[in-house]
Amino acid sequence: MSPNLFVESERGPPTLGSMGVDRELAPASARWPVAERAVVERAQRGDEAAFATLIDRYGQPVLSLCYGSTLNPADAEELAQEVFLAAWQGLPGFRGESAFSTWLFALARNACVDRARQAAARPRLASAYEQEQLDRLPDASDTTRATAAAILAAAETLALPLRQALLLRDVQGLSYEEIAHVQGVPLGTVRSRLAAARAAVGEELAR
Amino acid sequence: MSEHPSDEQLSLLIDGELSLTARAAVNHHLSACPACAERHDTLVELVAGLRLQPPLRWTPTLSKHTQARLQPRPHERDRALPIALALAIAAAAAAALWLPLAIGPGFARALFDVADSLLPGVLPGHTAMLALLAAIAALGGLAYPLARSR
C-alpha cells in the first residue's frame, strides 16, 4: 500500500503570523506523481489492489473537493466514495491523455456539480446544518462555535467554485497550486476565486 | 502605494503569497489607511474563523468502505460473449433454413433454383453451404462456453 501522498500539514491555532502559505508543503507535482501509469493500467485491467492504491493516494484531495461542495462531512464522505466507484467503472475508458489525477478530479468536479444541483432542489434544514458544524468543534467556546458555523453558513451562499476554493484553502489547508490542480484552473483563477469568496463571505457576515 | 489594495492583494497578503516588494507596499498603505486596515482585519478574522474548522480527513476506514463497494466491472471478454452466441444462433438458424434445400424438392428448392438462375455460379452447392453453416454454428457454440470458462 503506498503512502498517502496528500496529507495536509497540521495547523496550530490561527494567528496573524501563521496565516502565511504552508511553506512545508511539497509542490503539487511531487504529491501527485504523473509516473503512475503502471498502477493505473493494472487498475484498468480490473486489479482492485491497484485501484486501492489510487484510492489511498487521491482520497484526501477528492474528499476535500467534495467537502467544499457539500459543506457537510457525512455527505462529503459519501460523495467522495461515489466518485471513486464511478472512477472504477469508468477507468477502462481512461485513455491516458492526461494524468490520472486530472481525469479523476474532473470526475469529482462533475459529481460535485450534480450533487449541488440536487441539494439546491432539496434544501436542508438550516438548524440541522448548523448543528452538524457545531458538532465538529466540541472543545471550542459557544461564541467561537457559533462564529465558525455562521461563517460556513455564509459560505454556503457562494457559487460552487468559490465555495470550493475557500474550503480547500482555509479549512482543508491546500496550497494555491494544489487548489489549481484539483479545480482544474490556472493559479490566477485560484487567487481571484479566493479573494472574491472571502470578500463575499465578509459582506454576508456584515449584514 | 497610493492606490487602495484590491481584495485579491489583501487575500494574497493574508496567505503570504505576495512578493516582498508588494507586501511592503501593501503593509505601508495599511498603516496609513484606516479603511483598508479595517477591510484587512475583517478578512483576517474571517480566515481565522474558517481555520477553526478541523479539516476533514480521508481515513483508512473510508478506503476500506470504498473498496468494499466496488462492483465487478464487465470485462472485454464478457462483451464478446453475446457476439459469439449471436453468431452461433444465426448460423444454426441459417443452417436450419437451408436444410430443406439440401434434402429434397419442394417450394424451398424451387426458390433456390430461381435464385441460382438469377445469380449463376454465385451460390454454393446445397451440401457445401449446409456444411459451412453447420461449421460456423459449431464454432460459435463452442466459443461461447470456452470464453465463459476462462
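The values are calculated or read from the model by the stated rules, or taken from the named source; none is laboratory data. What you are looking at is a predicted structure, and each value in this text was computed from that prediction instead of being measured. As a convention, Cβ positions derive from the backbone with ideal geometry for all residues, glycine included, and neighbour counts pool all protein chains shown. Note: areas computed on protein heavy atoms with side chains; ligands, DNA, RNA excluded. Shrake-Rupley method; radii C 1.70, N 1.55, O 1.52, S 1.80 Å.
When only residues in the stretch A:70-99 that are under 17 Å from the mean Cα position of the chain (by Cα) and open to solvent by less than 10 Å² (accessible area, probe 1.4 Å) count, which is farthest from the other protein chains (Cβ to nearest Cβ)?
Checking each candidate, the answer is A:Leu79.
May I ask you to list the residues in the stretch A:171-196 that are under 19 Å from A:Leu71 (Cβ atoms), within 9 Å of chain B (Cβ to nearest Cβ) and hydrophobic (A, V, I, L, M, F, W, C)?
Selection gives A:Val171, A:Leu194, A:Ala196.
Tell me, which helices (runs of 4 or more DSSP H) wholly within the stretch B:4-95 include 2 or more residues that are open to solvent by 20 Å² or more (accessible area, probe 1.4 Å), modelled with pLDDT under 95 and within 10 Å of chain A (Cβ to nearest Cβ)? Even if it seems obvious, please write down each step before you answer.
On the way: elements: B:7-14, B:20-32, B:34-50, B:60-68.
Correct list: B:34-50.
Would you pick out the residues in the stretch A:197-207 that are in a helix (DSSP H, G or I) and either crowded, with 24+ Cβ neighbours inside 10 Å or more than 9 Å from every other protein chain (Cβ to nearest Cβ) (or both)?
Quick first cut of the stretch A:197-207, residues in a helix (DSSP H, G or I) only: A:197-206.
Result: A:Ala197, A:Arg198, A:Ala200, A:Val201, A:Glu203, A:Glu204.
Within the stretch A:173-190, track down each residue that is closer than 25 Å to A:Ala80 by Cα and not β-branched (Val, Ile, Thr). Quick ask: steps written out before the conclusion?
Going residue by residue through the stretch A:173-190, those that are closer than 25 Å to A:Ala80 by Cα are A:173-187, A:189-190.
Within the stretch A:173-190, A:Gly173, A:Leu174, A:Ser175, A:Tyr176, A:Glu177, A:Glu178, A:Ala180, A:His181, A:Gln183, A:Gly184, A:Pro186, A:Leu187 meet the criteria.
Which condition does A:Leu168 not pass, out of (1) at the interface with chain B (Cβ under 8 Å from one of its Cβ atoms); (2) in contact with a Ser or Thr (Cβ under 9 Å, 6 or more places away or on another chain), if it passes all the others?
Evaluating A:Leu168 over (1) at the interface with chain B (Cβ under 8 Å from one of its Cβ atoms); (2) in contact with a Ser or Thr (Cβ under 9 Å, 6 or more places away or on another chain) leaves (1) as the failure.
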